[in-house]
Amino acid sequence: MNNGDKIFAMLSEILEQDFEIDADDITRTANLYEDLDLDSIDAVDLVVKLREQTGKKIEPNDFKQVRTVQDVIDAVEKLMTADA
């Protein structure tokens, strides 16, 4: 399992448990706002949850361009490798 797969699994768990999103709806191409019905407050909450899970300081501004689940995975993976 590579880092992208691990991040996807962690992100899926967060979306299912904290945002009550059906697991079948969570795909790498799913749009956070259109497909998963997240709003801007949910996005901030997601950043907080990701920070708790990764231990990395995630700036909300870093996530302004994030639109899909894969975008989140890429952004988190970039943060994880930046400090490696």
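The values are calculated or read from the model by the stated rules, or taken from the named source; none is laboratory data. Keep in mind the model is a prediction, meaning the values are calculated, not measured. Ideal geometry is used to build each Cβ from the backbone, glycine not excepted, and the neighbour counts take in all protein chains shown. Note: accessible area is taken over every heavy atom of the protein model, side chains too, but ligands, DNA and RNA are not part of it. Shrake-Rupley method; radii C 1.70, N 1.55, O 1.52, S 1.80 Å.
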For the range 54-70, what are the residues that are surrounded by 15 or more Cβ atoms within 10 Å (Cβ to Cβ) and without any contact (Cβ under 8 Å) to a residue 12 or more places away in the chain? none
Of the candidates Asp24, Asp37, the one satisfying the condition of being open to solvent by 90 Å² or more (accessible area, probe 1.4 Å) and not in a helix (DSSP H, G or I) is Asp37
Considering only residues that are open to solvent by less than 30 Å² (accessible area, probe 1.4 Å) and touching a residue at least 60 places away in the same chain (Cβ under 8 Å), which ones fall in the range 71-84? Val72, Ile73, Val76
Close pairs from the range 37-53: first under 12 Å from Leu11 (Cα atoms), partner open to solvent by 70 Å² or more (accessible area, probe 1.4 Å), Cβ under 7 Å, at least 6 apart: Lys49/Asp18; Arg51/Lys57
